[in-house]
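Colleague: I have a structure I would like to understand better, so I am pasting it below and will then ask my questions one at a time.
The values are calculated or read from the model by the stated rules, or taken from the named source; none is laboratory data. The shown structure was predicted, so the numbers you read here are calculated from the model rather than taken from an experiment. Here Cβ is always computed from backbone atoms with ideal geometry, including for glycine, and neighbour counts include all displayed protein chains. Side chains included, ligands, DNA and RNA excluded: accessible areas come from the protein's heavy atoms. Shrake-Rupley method; radii C 1.70, N 1.55, O 1.52, S 1.80 Å.
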Amino acid sequence: MFDKVLIANRGEIALRIHRACKEMGLSTVAVHSTADSNAMHVRLADESVCIGPPGASESYLKSAAIMTAAEITHAGAIHPGYGFLSENARFVEIVEAHGLNFIGPRAEHIRLMGDKIAAKKAMIEVGVPVVPGSDGGVPDEATAKKVAAEMGYPVLVKAASGGGGRGMKVARSEEEMGKAFNTARSEAKAAFGDDEVYIEKYLEKPRHIEIQVIADSHGNVVHLGERDCSLQRRHQKVFEEAPSPAITQAERDTIGKTVVDAVKKLGYLGVGTIEFLYENGEFYFIEMNTRLQVEHPVTEMITRIDLVKEQIRIAQGEKLSFTQGDVPFIGHAIECRINAEHPETFAPSPGLIKEFHAPGGLGVRLDSAAYAGYMIPPYYDSLIGKLIVHGVTREECMLRLKRALGEMVVSGVETTLPLHQRLVDAEGVNSGNYDIHWLERFLADQES
Ligand code: MV4
């Protein structure tokens, strides 16, 4: 058992984890780079340790510095948040070798899901539907053409070590395959140091729907429904909602059962997200994320389950306090990611926040570590807050979102708030009838 948690992250997620710890009577240790000395997560934590210069590779990604901070503060557990070291299997092994508790999945599952080919094979074995594709890695262009001819064009060449859309190329015909294959391969090598690629049937207009799961160390597994994350730009999610406007309760129950059964068979521990593409009433597995995700609050709002507290309880060896039948799905929740970026060009806009006013009222939640007078450093991602709203129906949720966006003030830097203002008035967002390409088309239409 542990009574002190080191939070190996920064920004809104470090604050989010701190909040869960305090409500559980645990003390917290913040770690920070020299650029984050005045950050809210540092101010609120019970203790803090400076772990290095601004660059993430010399601070938030530096496992030796984080382990040292844990040792000198006698922390008993480390929560990695998302990004940084959260999906680094080696880091989990280091934490555990030092006798500390990693608040997250086992190293073996992080490693397995990091290899997209191995992950897909594992999912097939435990009965999860996947996108039709090559049987593992594709070694050369000739094999690629043979595989594609058998399943039919268009196909997508993907990096085995990929994720996030890098090293991914579409081929619409055999003529396009040579270039797609070789470009995907060299991009994969450059981005991940691994040029292995595989091939899938290309789905033209899917939605991105992901299922949240949670598993304790006693073999109990529960799903917490889905999140629809189709509204994204360049693989960066912008707006997420739960439940998905596209699926029925029967579909939710079916995919939920499939996923719970699979996660049990895998012996997975902690919270995880199974990502699917959804098209024409079918789910196709693409990847599994072995971390707490940015958009986890929408699931919390509709289930009333605090995912971070559950992660901590699981790490303490406790059983889940609820069964599948106990999980309520109440109303509708939407999250808007507010970035310090130009709302049209998406150019980062670091700098001093002059005014900051949080919206409030029933059903409104703002997860942010920003404040008036805060200097947004240029070294990290541009997320400055997540506005999450809940309503009894999707309609009420949208009205509440419009109202809350109208109340929020962030001045001194550019933010994506004006983009969200435009989105909530768009027909596709209001009807819920959008796919993974909707936002980029919307932005292109607005330009012209
Ligand atoms: C696909 C696909 C269409 N067909 N796979 C992009 C990131 C990576 N995680 C998987 N991705 C995709 N895989 C097949 N077989 C389209 C995408 C994709 C996408 C997926 C989810 C959310 C946004 C996306 C935007 C562009 C492409």
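Yes or no, residue by residue, for (1) open to solvent by less than 40 Å² (accessible area, probe 1.4 Å); (2) within 28 Å of P243 (Cβ to Cβ); (3) aliphatic (A, V, I, L, M); (4) modelled with pLDDT under 95:
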site	(1), (2), (3), (4)
Y379	no, no, no, no
L387	yes, yes, yes, no
K402	no, yes, no, no
S411	yes, no, no, no
L417	yes, yes, yes, no
L443	yes, yes, yes, no
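Colleague: Which condition does I314 not pass, out of (1) farther than 25 Å from D228 by Cβ; (2) surrounded by fewer than 21 Cβ atoms within 10 Å (Cβ to Cβ), if it passes all the others?
Modeller: Condition not satisfied by I314: (2).
Colleague: Let me ask you something else. Quick one: in segment 284-319, which of the residues that are of a type in the set (D, E) and part of a helix (DSSP H, G or I) is farthest from the ligand (Cβ to nearest atom)?
Modeller: Residues of segment 284-319 that are of a type in the set (D, E), as a first pass: 287, 295, 300, 306, 310, 318.
Okay, now just the ones that are also part of a helix (DSSP H, G or I), so 300, 310.
Values: E300: 22, E310: 25 Å.
Top of the filtered list is E310.
Colleague: Which residues, taken from segment 202-231, are near the ligand (Cβ under 8 Å from one of its atoms) and in contact with a strand residue (DSSP E or B) (Cβ under 6 Å, 6 or more places away or on another chain)? Even if it seems obvious, please write down each step before you answer.
Modeller: Pass one, segment 202-231, residues near the ligand (Cβ under 8 Å from one of its atoms): 202-204, 206, 208, 229-230.
Result: Y202, L203, P206, H208, C229, S230.
Colleague: Mind checking which helices (runs of 4 or more DSSP H) fall wholly inside segment 1-116 and carry at least 1 residues that are among the acidic types (D, E)?
Modeller: 11-23, 63-73, 89-97, 107-114
Colleague: Among the numbered criteria (1) farther than 26 Å from P297 by Cα; (2) surrounded by 19 or more Cβ atoms within 10 Å (Cβ to Cβ); (3) of a type in the set (S, T, Y), which single criterion is violated by T68?
Modeller: (2)
Colleague: Give the number of residues within segment 409-420 that are within 10 Å of P343 (Cα to Cα) and outside any loop (DSSP other than H, G, I, E, B).
Modeller: 4
Colleague: Tally the residues that are surrounded by fewer than 19 Cβ atoms within 10 Å (Cβ to Cβ) and either within 16 Å of the ligand (Cβ to nearest atom) or over 24 Å from I247 (Cβ atoms) (or both), restricting the search to segment 261-274. Walk me through it before giving the result.
Modeller: Our first condition is that a residue be surrounded by fewer than 19 Cβ atoms within 10 Å (Cβ to Cβ); within segment 261-274, this holds for 261, 264-265, 267.
Keeping just the survivors that are either within 16 Å of the ligand (Cβ to nearest atom) or over 24 Å from I247 (Cβ atoms) (or both) gives 267.
Residues meeting the conditions: 1.
Colleague: A follow-up question, please. Name every residue in segment 25-53 that is open to solvent by 50 Å² or more (accessible area, probe 1.4 Å) and closer than 18 Å to I314 by Cβ, in order of residue number.
Modeller: G25
Colleague: State whether one or more residues within segment 158-170 are surrounded by fewer than 16 Cβ atoms within 10 Å (Cβ to Cβ), under 23 Å from the mean Cα position of the chain (by Cα), within 14 Å of the ligand (Cβ to nearest atom) and not in a strand (DSSP E or B).
Modeller: Going residue by residue through segment 158-170, those that are surrounded by fewer than 16 Cβ atoms within 10 Å (Cβ to Cβ) are 164-165, 170.
When the remaining residues are screened for being under 23 Å from the mean Cα position of the chain (by Cα), the result is 164-165.
Filter once more, so that each one left must be within 14 Å of the ligand (Cβ to nearest atom): 164-165.
From what's left, not in a strand (DSSP E or B): 164-165.
Yes: one or more hits.
Colleague: Another question, if that's okay. Go through the residues of segment 332-341 one by one and say whether even a single one is crowded, with 16+ Cβ neighbours inside 10 Å, assigned to a loop (DSSP other than H, G, I, E, B) and small (G, A, S).
Modeller: Here is the first cut: in segment 332-341, the residues crowded, with 16+ Cβ neighbours inside 10 Å are 332-341.
Then keep just the ones that are assigned to a loop (DSSP other than H, G, I, E, B); that gives 340.
Now restrict to residues that are small (G, A, S): 340.
Yes, segment 332-341 contains at least one residue that is crowded, with 16+ Cβ neighbours inside 10 Å, assigned to a loop (DSSP other than H, G, I, E, B) and small (G, A, S).
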